[in-house]
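The next block holds one structure in the form of structure tokens; read it before the comments.
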There are 2 protein chains.
Amino acid sequence: MTAPGRIYIVGLGPGARETLTMQAQQAIQAAEVVIGYGIYFVGLEDLVADRETIALPLTQEAERARLSVERAATGQTVCVISSGDAGVYGMASLVFEMAGELPDERRPELVVVPGISAVNACASLLGAPLSHDFAVISLSDLLTPWPTIERRLTAAAEADFVIALYNPRSQRRDWQLPRALTIITAHRSAETPVGIVRSAYRPEQQVRVTTLSQLDPAEVDMFSTVIIGNTQTRFVGPWIVTPRGYPAVGVGQQERASPPR
Amino acid sequence: MTAPGRIYIVGLGPGARETLTMQAQQAIQAAEVVIGYGIYFVGLEDLVADRETIALPLTQEAERARLSVERAATGQTVCVISSGDAGVYGMASLVFEMAGELPDERRPELVVVPGISAVNACASLLGAPLSHDFAVISLSDLLTPWPTIERRLTAAAEADFVIALYNPRSQRRDWQLPRALTIITAHRSAETPVGIVRSAYRPEQQVRVTTLSQLDPAEVDMFSTVIIGNTQTRFVGPWIVTPRGYPAVGVGQQERASPPR
């Protein structure tokens, strides 16, 4: 029996070649076969040259995961590529779940190579909105009941998290973002800074800065990530900046605090 | 009057050179002066050769930000380096706030270069714990009142977020982690998978996988990040995997859903 191979699950970062890490490049070059969604290969041509490449449509994540496990089971070194970080709403969990169905001796070695996630990429183009606690929430209710998403929006808004919305809106999912904004608006001022970044670090990149009350959902699409500030977030020139702390607490003061009862 | 220069605020990723992006390398090489905490320069020697470097102790973040703005105001190209992502509890907000105090014509150009954040780096070493909505919470109460942190822990636990704890414990801050675990345990099963990663992607890296009830706070220090699964997170072999969805919802099913009333 052939010894099982290895699967690298690689995050490419937001898109352009310059946000790829050295580690991600090495993983792609170590692979015999590279599996991904077609557009992910754009810009990687030199890295995947002389390797088998398998491009499958956007909806076929499960098929990509299945193929990677199947190939690695024959002893191959496989690389599954994902945009952003493969561990954040990405391919990683699918590959782990499918590999987990195999008996130990047939299970390939799994290596996740982290990438710059959309939340970090978008934040970098807006200023410094993530300098305090934040919650990442997907508005896609394809695999998650909407009441669960709504409960998270409410919790994050009430507890003053900076909120990053993934999958905020698509042609078929158009009511979720307005509903999310209504929930958040109940706990934040109308002037709360909001950033919308579309296709970060790609040629078609668009960055828009607005406020919670001025945000028009129609300007948001499936290539966008939305970041909503906490109660301390403010504009500094054209930038969105969340201070690292709250004004009531001085440096050093809490070092002397006792545990709460 | 000299035209103001530029400040690159660069995230180096978790530590080792191979998690640096090309963009981060280019920013360092474009700078005349590179400012950071001493240990951040280890491994970057060739990139900073022939450049002025200023290393300031860990506690002097404000001083590093002030220096960068001061230097850029004289027309220099400055690079401020941070581990992980400079926008997540990092140097970015300090630099923006200080630059914001200058009149427009004297304000340097600010460019944030995103990096692999600790939460993504640690998740990659644990399997796929971040495949669903997650909350990032710092347990440091140096700049944030503890009741605010506690409110976030409660909200994130109740709303079934995967929870990543930054700054979970230090020699002087030793009661916050046990307190956080008590709060989370009220909403999660004792068997909830928990991962502790210390010094990800550095030679001294340690990865430990345990459960909420078995986690011993004494094993966690200031170089660690703790990731706690949601109610769906499970072990797949030695890995922590959060499924991408909830079992009750089938693919496609929600595409036909109507907006909630």
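The values are calculated or read from the model by the stated rules, or taken from the named source; none is laboratory data. Source: prediction; values computed, not measured. Ideal geometry is used to build each Cβ from the backbone, glycine not excepted, and the neighbour counts take in all protein chains shown.
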Please name all residue pairs, on different chains or six or more residues apart, with Cβ atoms under 8 Å, provided the first residue is in segment A:185-202 and is closer than 14 Å to A:Leu215 by Cβ and the second residue is among the aromatic types (Phe, Trp, Tyr). A:Pro193/A:Phe235; A:Arg198/A:Phe223
If we keep only residues of segment A:13-32 that are closer than 28 Å to A:Thr74 by Cβ and assigned to a loop (DSSP other than H, G, I, E, B), then the residue nearest to the other protein chains (Cβ to nearest Cβ) is A:Leu20
Do we find a residue being farther than 14 Å from B:Ala159 by Cβ, of a type outside the set (Gly, Ala, Ser), part of a loop (DSSP other than H, G, I, E, B) and touching a strand residue (DSSP E or B) at 6+ places or on another chain (Cβ under 7 Å) anywhere in segment A:164-180? yes
Can you pull out the residues in segment A:181-205 that are within 17 Å of A:Pro168 (Cα to Cα) and assigned to a loop (DSSP other than H, G, I, E, B)? A:Ser199, A:Ala200, A:Gln205
Looking at the structure I just gave you, is B:Gly87 in the same structural domain as B:Pro193 (by TED's automatic domain parsing), in contact (Cβ under 8 Å) with a residue 60 or more places away in the chain, closer than 25 Å to A:Ala86 by Cβ and not charged (D, E, K, R)? no
Note on segment B:138-163: residues assigned to a strand (DSSP E or B) and at the interface with another protein chain (Cβ under 7 Å from one of its Cβ atoms) are B:Ser138
Where residues in segment A:211-243 are within 24 Å of B:Glu97 (Cβ to Cβ) and aromatic (Phe, Trp, Tyr), which of them is farthest from the other protein chains (Cβ to nearest Cβ)? A:Phe235
Could you check segment A:21-66 and list, in sequence order, the residues that are without any contact (Cβ under 8 Å) to a residue 24 or more places away in the chain and among the acidic types (Asp, Glu)? A:Glu45, A:Asp46, A:Asp50, A:Glu52, A:Glu63
Tally up the residues in segment B:167-210 that are of a type in the set (Ser, Thr, Tyr) and more than 13 Å from chain A (Cβ to nearest Cβ), please. 5
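Results for (1) assigned by TED's automatic domain parsing to the domain that holds B:Gln232; (2) over 25 Å from B:Ser82 (Cβ atoms); (3) in contact with a Pro (Cβ under 7 Å, 6 or more places away or on another chain), shown as yes or no for each residue.
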residue	(1), (2), (3)
B:Met98	no, no, no
B:Leu102	no, no, no
B:Val111	no, no, no
B:Ala123	yes, no, yes
B:Gly127	yes, yes, no
B:Ile137	yes, no, no
B:Ser140	yes, no, no
B:Pro147	yes, yes, no
Just the residues that are surrounded by fewer than 18 Cβ atoms within 10 Å (Cβ to Cβ) and part of a strand (DSSP E or B), please, taken from segment A:210-232. A:Thr210, A:Thr211
Residue selected from segment B:190-206 under the condition within 19 Å of the chain's Cα centre (by Cα) and of a type in the set (Gly, Ala, Ser), by the criterion surrounded by the fewest Cβ atoms within 10 Å (Cβ to Cβ): B:Ser199
So B:Ala135 passes all but one of these: (1) at the interface with chain A (Cβ under 7 Å from one of its Cβ atoms); (2) under 21 Å from B:Val220 (Cα atoms); (3) within 12 Å of the chain's Cα centre (by Cα); (4) outside any strand (DSSP E or B). Which condition number does it fail? (4)
Test: residue in segment B:53-68 that is of a type in the set (Lys, Arg), at the interface with chain A (Cβ under 9 Å from one of its Cβ atoms) and either surrounded by 24 or more Cβ atoms within 10 Å (Cβ to Cβ) or in contact with a helix residue (DSSP H, G or I) (Cβ under 8 Å, 6 or more places away or on another chain) (or both): no
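Could you list, in sequence order, the residues of segment B:121-157 that are among the hydroxyl-bearing types (Ser, Thr, Tyr) and more than 30 Å from A:Thr21 (Cβ to Cβ)? Step through it out loud before you land on a result.
In the first step, residues of segment B:121-157 are kept if they are among the hydroxyl-bearing types (Ser, Thr, Tyr); the result is B:124, B:131, B:138, B:140, B:144, B:148, B:154.
Within segment B:121-157, B:Thr144, B:Thr148, B:Thr154 qualify.
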Which one of the conditions (1) under 23 Å from the mean Cα position of the chain (by Cα); (2) over 22 Å from A:Asn120 (Cα atoms) does B:Tyr40 fail to meet, given that it meets all the rest? (2)
